[in-house]
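Engineer: One structure, pasted below without further comment.
The values are calculated or read from the model by the stated rules, or taken from the named source; none is laboratory data. The structure displayed is predicted, hence computed values, not measured ones. Glycine also receives a Cβ, built like all others from the backbone with ideal geometry; neighbour counts cover every protein chain displayed. Side chains are part of the model used for accessible areas, which takes the heavy atoms of the whole protein and leaves out ligands, DNA and RNA. Shrake-Rupley method; radii C 1.70, N 1.55, O 1.52, S 1.80 Å.
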Amino acid sequence: MFRRTLMAGAVALAGLIGPASAQQPTEIQFWHGLSQPLGGLLERLVSDFNGSQTQYRIVPTFRGSYPETMVAAIAAFRAGQAPHLVQMFEVGTGTMINAGRAIIPTHELLTQTGVNINFDDFLPGVRGYYAAADGRQMAMPFNSSTAVVYYNKDAFRRANLNPDQFPTTWEGVGQALTALKASGHACPMSTAWPTWLHVEQFSAIHNIPLATQGNGFGGANAELRVNNPMMLRHLTNLVNWQKEGLFRWGGRDNAGEALFPGGECAIMMTSSGFRARVQREARFDWGVAMLPTYEGTQPANAIIGGASLWVMNRGPNTQRNAAELRGVAEFFAYTARPEVAGKWHMDTGYLPITRSGFESARASGFYTQPANVGADIPIEQMLRGASSENTRGIRLGGFVEIRVIMQEEMEKAFQGQQTPEQALAAMTTRGNAVLRNFERANRGG
Amino acid sequence: MRKKVIFKGTLLPWLLLLPQLLITGVFFFWPAGQAIYGSFLREDAFGLSREFVGLENFSDILADPTYLAAGWNTVVFSSAVAFSALGIALFLAVQADKAIRGTNFFKTMLIWPYAVAPAIAAVLWLFMFHPQIGLFGRMINGMGILWDYKLNGGQAMTLVVVAAAWKQVSYNFIFFMAGLQSIPRAVLEAAAIDGARPMRRFWTIIFPLLAPTSFFLLVVNIVYAFFDTFGTIHALTGGGPGQATTTLIYKVYVDGVQNLNFGSSAAQSVILMAIVILLTAVQFRFIERKVHY
């Protein structure tokens, strides 16, 4: 009895993952890292695709947070069980691009299958983040966000500040913080994603390099350049503001976000994807603004966060068949359709990643609805200024680890255990050790 | 009176031992061997290229200041957890051993926390002591003490020690209760008649007679603090702020699972294995002699 069940199970399993017969649609495993409600929206997009044709069936599976999804996909590859498609957060891009035969670059996939996607339609800041140095597309852009400022307009009014004009410079922000504190606000400002906001986005907007080799796009031998006068000025300001009670460290990653919707902190810098939560929870008048810069800087475009879709081989010695590749390519082309991309943007609050998707959302009157005022600020911020190699994005191997290192050194600076100078120097030393390790481990790959 | 079973031949005894040997082999020797093998390698995350580097992973680790800091954190953390968990459990056990009303109720209540999974226990403490949303966290801040374990390393360490020790108190309590009940009443009563006060009775009779139990618990608690507190630290502080609560076992996880640096992670676990073997051997060799069974 047991044996029979086992055999039936094995047969069913083989049918699930093996090559499909002509009648059966080809199954494509898709691992993603979006929790609810975003995960549900993603699954709806997938089922819309499945309903639009009969040859392929995409099976989405939630695999935990972004880092967990990444680790799961890598472990599965080592075991010869990798999914066809994996959603990978932007920080993992450097690792994936260097993954050799573990991945199938998107441009190769499209050439092999003959499916056409017009990448000129994509926003440069989105497309470039996932392209090789020579411009060939490595991953399919999917859900992109950027960082913006959320501020409490009621608190601004109480502090006699103009609620409709968030300061465009950090000098102006400093004055606003003092005014907010003077008006009795216990926490004038906090931040989520401390390194993404105050190191990565900060460097891009100020058009200064975060690492050599064009932030790593030029090769794996890049070195960190965060120990520069501009970063020092900013970190010193943050540390001083924290001492004076003008800024509060809200914790690593997105932990700080909890301080805004309840009205505790007047200013919150975080992902554009935070909008839905503020809309739902905030019981005060709030606004969205672009990230400030220091005086004398011509602001450059912001960079993206979020995730892209990578095509993986099944294991070190197993390739994908033509039908599987074709299915993945068709799905990519589907997500780039103007109406699909536009709907995804409007439903989720992620950036519209294609111009036609943006136009489709605008044509539907989305941005003029009162509830959506300011929803186009992240897009404007992505398109402002001239782009340079400092504003394409970040392409460093082991960047997940480097981000943690930067947060640790920032925490030590905010605790007063080290000066901002020491923090930046330690970030550079420890981060470079990670980069050299990665370079060495991937030399042969 | 001892019974001795003598088997004819060697086949049957080996067969009877086989299940246990298999389990030990598959779940201990095989992974341990893999870890030792992996500690000499350096490979990329996907396992596509590997390089034999000899002892380089070990020399890198031992030269890494963050690893040495994690070692010191482990010493502080483990001794704080073991001593506070043992001390509190002993105090509670002695109190519960007295003939008071509702002893059974107290006993049950004290044993309960042991059934709580480490990660859930940590979340419980998180909800109590979070500086913004926690009941006690807000209370402490309200009293004018700046409480923020996300930024204050000392406070973070205190919190993980308290959370880890709290769970272990129940376990220790059960063993101390059993130990106390096996102490002959007659001895204590005789001492009382001779005029020994409760404190003196405790230190001269109860404590020495509890020594075997305490010794056993000391070993168990240190091993617990070394290996089983991962969930507590992960859920409460994630090893931060800075690396203030990163212990050796936590660093193995961070470097292996998060940073995908398998060689270094394997080397660290080999070192950890050596430390535990050494610690246990020392305890049994030197401390056990001073314990009266």
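Engineer: Bin width 10 Å, origin at 0, all Cα-Cα pairs of chain B: what percent of pairs per bin?
Structural biologist: 6, 20, 25, 24, 16, 7, 2, 0
Engineer: Heavy atoms only, probe 1.4 Å: what % of the accessible area of region B:62-141 goes to carbon and sulfur, would you let me know? Show your work: numbers first, answer last.
Structural biologist: Working: 3600 of 4620 Å².
Of the solvent-accessible surface of region B:62-141, carbon and sulfur hold 78 percent.
Engineer: For the protein assembly as shown, give me the percentage of DSSP beta bridges that are antiparallel, rounded to the nearest 5 percent. Spell out each step's value before the answer.
Structural biologist: Values: 28 of 45 bridges.
Just about 60 percent of them are antiparallel.
Engineer: Using a 1.4 Å probe on protein heavy atoms only, how many Å² of accessible area do A and B hide from each other, summed over both chains and rounded to 100? Please list the in-between numbers first.
Structural biologist: Working: alone 18860 and 17900 Å², together 34220 Å².
By this definition, chains A and B bury close to 2500 Å².
Engineer: For region B:34-45, what does the Karplus curve 6.51 cos²θ - 1.76 cosθ + 1.60, with θ = phi - 60°, yield as ³J(HN,Hα) per residue in whole Hz, taken in order and with x for Gly and Pro?
Structural biologist: Once rounded to whole Hz, the list reads 4, 5, 5, 4, x, 6, 9, 10, 10, 9, 7, 4.
Engineer: List the residues whose amide H sits under 5 Å from the amide H of A:G250, counting only those 5 or more places along or on another chain, with H placed 1.01 Å from N in the peptide plane.
Structural biologist: It is A:T191, by chain and number.
Engineer: Mind giving me the FRET efficiency for B:V276 and B:Y37? R0 is 25 Å, r the Cβ-Cβ distance, nearest 0.05 is fine. Numbers along the way, then the final one.
Structural biologist: Numbers: r = 19 Å, r/R0 = 0.78.
My answer for the efficiency is 0.80.
Engineer: Next question, about the same structure. Work out which residues of region B:214-238 lose at minimum 40 square angstrom of accessible surface when the other protein chains are put back, relative to the chain isolated, with a 1.4 angstrom probe, and list them by number.
Structural biologist: At a threshold of 40 Å² (probe 1.4 Å), none of the residues of region B:214-238 becomes less exposed by that much.
Engineer: Find how many whole Å separate the alpha carbon centroid of region A:68-94 from the alpha carbon centroid of region A:373-403.
Structural biologist: Value for the Cα centre distance between the two parts: 23 Å.
Engineer: Using alpha carbons only, how many degrees (0 to 90, rounded to 10) separate the axis of helix A:338-348 from the longest principal axis of chain A?
Structural biologist: 50 degrees
Engineer: Here is a follow-up. Where does the charge balance sit around A:M346 when Lys and Arg score +1, Asp and Glu -1, over other residues with C-beta under 15 Å from its C-beta? The partial results should precede the final answer.
Structural biologist: Details: positive: A:R44, A:R275, A:R337, A:K343, A:R362; negative: A:D48, A:E339, A:D347, A:E359, A:D376.
Taking every other residue near A:M346 into account, the sum is 0.
Engineer: Once fully extended, how much extra length lies between B:F28 and B:Y114, figured as 0.36 nm per residue of separation less the alpha-carbon to alpha-carbon distance? Before the final figure, lay out each step's value.
Structural biologist: Numbers: separation 86, 0.36 × 86 = 30.96 nm, distance 2.58 nm.
Stretched fully, the B:F28-B:Y114 segment lengthens by 28.4 nm.
Engineer: Roll a 1.4 angstrom probe over the protein heavy atoms and tell me the percent of accessible area of region B:151-288 that is carbon or sulfur. It would help to have the intermediate numbers written out before the result.
Structural biologist: On the way: 4060 of 5790 Å².
Carbon and sulfur together cover 70 percent of it.
Engineer: For each pair in A:K243/A:K412; B:K167/B:K251; B:K150/B:K251; A:K153/B:K150; A:K412/B:K251, compute the distance between the two Cα atoms and list the pairs where it is over 24 Å.
Structural biologist: On the way: A:K243/A:K412 13 Å; B:K167/B:K251 22 Å; B:K150/B:K251 18 Å; A:K153/B:K150 28 Å; A:K412/B:K251 18 Å.
As for pairs spanning more than 24 Å Cα to Cα, those are A:K153/B:K150.
Engineer: Can you spot the aspartates and glutamates whose alpha carbon is less than 15 Å from B:K107's alpha carbon? Ignore those fewer than 8 places along the same chain.
Structural biologist: Output for B:K107: B:D97.
Engineer: Which order do A:E264, A:E257 take when ranked by solvent-accessible area (1.4 Å probe, heavy atoms of all protein chains), largest first? Could the numbers behind the result be given before it?
Structural biologist: Working: A:E264 75, A:E257 20 Å².
Reading off the accessible areas and sorting them downward yields A:E264, A:E257.
Engineer: Tell me the accessible surface of B:L12 in square angstrom (1.4 angstrom probe, heavy atoms of protein chains only), to the nearest ten.
Structural biologist: The accessible area of B:L12 comes to roughly 90 Å².
Engineer: Which residues' amide hydrogens lie under 5 Å from the amide hydrogen of A:I104, considering only partners 5 or more residues apart or on another chain, with H built in the peptide plane?
Structural biologist: A:V311, A:M312, A:N313
Engineer: Could I ask something else about it? Counting other Cβ atoms within 10 Å of each Cβ, which GluC sites (Glu not before Pro) in region A:340-434 have at most 15 and sit in a DSSP loop? The partial results should precede the final answer.
Structural biologist: Details: sites: A:E359, A:E380, A:E389, A:E401, A:E408, A:E409, A:E411, A:E421; in loops: A:E389.
Passing sites in region A:340-434 are A:E389.
Engineer: Dipole of region B:146-293, Cα-centred, from +1 at each Lys and Arg C-beta and -1 at each Asp and Glu C-beta, to the nearest 20 debye?
Structural biologist: Values: 10 positive and 6 negative charges, 73 e Å.
The calculated dipole for region B:146-293 is roughly 360 debye.
Engineer: On alpha carbon coordinates alone, what is the Rg over Rh value for chain A, Rh being the Kirkwood radius? It would help to have the intermediate numbers written out before the result.
Structural biologist: Numbers: Rg = 22.9 Å, Rh = 23.0 Å.
For chain A, the value is 0.99.
Engineer: Rolling a 1.4 Å sphere over the protein heavy atoms, what is the accessible area per residue of the protein assembly as shown, to the nearest Å²?
Structural biologist: Details: 34220 Å² over 738 residues.
Computed with neighbouring chains in place, this is 46 Å² per residue.
Engineer: Along region A:204-209, what does the Karplus equation 6.51 cos²θ - 1.76 cosθ + 1.60 (θ = phi - 60°) give for ³J(HN,Hα), rounded to whole Hz, x for Gly and Pro?
Structural biologist: The phi angles translate into 4, 5, 8, 6, 10, x Hz.
Engineer: Using a 10 Å cut-off around each Cβ of peptide B:152-159, what is the average number of partner chain Cβ atoms that fall inside? The partial results should precede the final answer.
Structural biologist: Values: counts 4, 4, 1, 0, 1, 0, 0, 0.
Mean number of neighbouring Cβ atoms from other chains: 1.
Engineer: Using only atoms on other chains, find how many Cβ atoms lie within 10 Å of each Cβ of peptide A:110-123 and report the average. Write out the running numbers ahead of the final one.
Structural biologist: Working: counts 0, 0, 0, 0, 0, 0, 0, 0, 0, 0, 0, 0, 0, 0.
Partner-chain Cβ atoms within 10 Å, mean over residues of A:110-123: 0.
Engineer: Give the average, rounded to an integer, of partner chain Cβ atoms located within 10 angstrom of each Cβ in A:407-414.
Structural biologist: Whole-number average of other-chain Cβ neighbours for A:407-414 is 5.
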